[in-house]
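Novice: This structure is in structure tokens; I'll ask about it shortly.
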Amino acid sequence: MYVVNHFLDVDILGVLIPDRDKADATNAATGEGSIGAQATLCEGLYNRAPHVLLADFVDKGDVILAQNALNGF
């Protein structure tokens, strides 16, 4: 079991803050920059997908759907 941090930050005057405006796409199960895309990248690098993910704004996007997909549900 391993964990992946899946955050999208925006740089405002040198300070990184979570990008709430893009959280729906970032927290999606599929698509460019999504949790699913991150899992596919991890699987290619480490020969397995993550089982647990950390995300900002779990109320945005399909975080639970993406988490379930990672665990075969």
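Novice: Take the residues in region 38-52 that are modelled with pLDDT under 90 and among the small types (Gly, Ala, Ser), then tell me which one is farthest from residue 63 (Cα to Cα).
Specialist: 49
Novice: In region 1-23, what count of residues is obtained for those that are loosely packed, with under 15 Cβ neighbours inside 10 Å and free of Cβ contacts under 8 Å to residues at least 24 places away in the same chain?
Specialist: 10
Novice: Which residue, of 30, 26, is out of contact with any His (no Cβ under 6 Å at 6 or more places or on another chain) and buried (at least 17 other Cβ atoms within 10 Å of the Cβ)?
Specialist: 26
Novice: In addition: Residue 40 fails exactly one of the following numbered conditions: (1) open to solvent by 40 Å² or more (accessible area, probe 1.4 Å); (2) in contact (Cβ under 8 Å) with a residue 12 or more places away in the chain; (3) not aliphatic (A, V, I, L, M). What is the number of that condition?
Specialist: The one condition residue 40 does not meet is (2).
Novice: Out of all the residues in region 50-73, which are closer than 12 Å to residue 6 by Cβ and of a type in the set (A, V, I, L, M, F, W, C)?
Specialist: Residues satisfying the conditions are 52, 53, 54, 55, 57, 58, 63, 66, 70.
The values are calculated or read from the model by the stated rules, or taken from the named source; none is laboratory data. Values in this document were obtained by computation on a predicted structure and should not be read as measured data. Methodologically, a virtual Cβ is constructed for each residue, glycine included, from the backbone with ideal geometry; neighbour enumeration extends over all protein chains shown. Side chains are part of the model used for accessible areas, which takes the heavy atoms of the whole protein and leaves out ligands, DNA and RNA. Shrake-Rupley method; radii C 1.70, N 1.55, O 1.52, S 1.80 Å.
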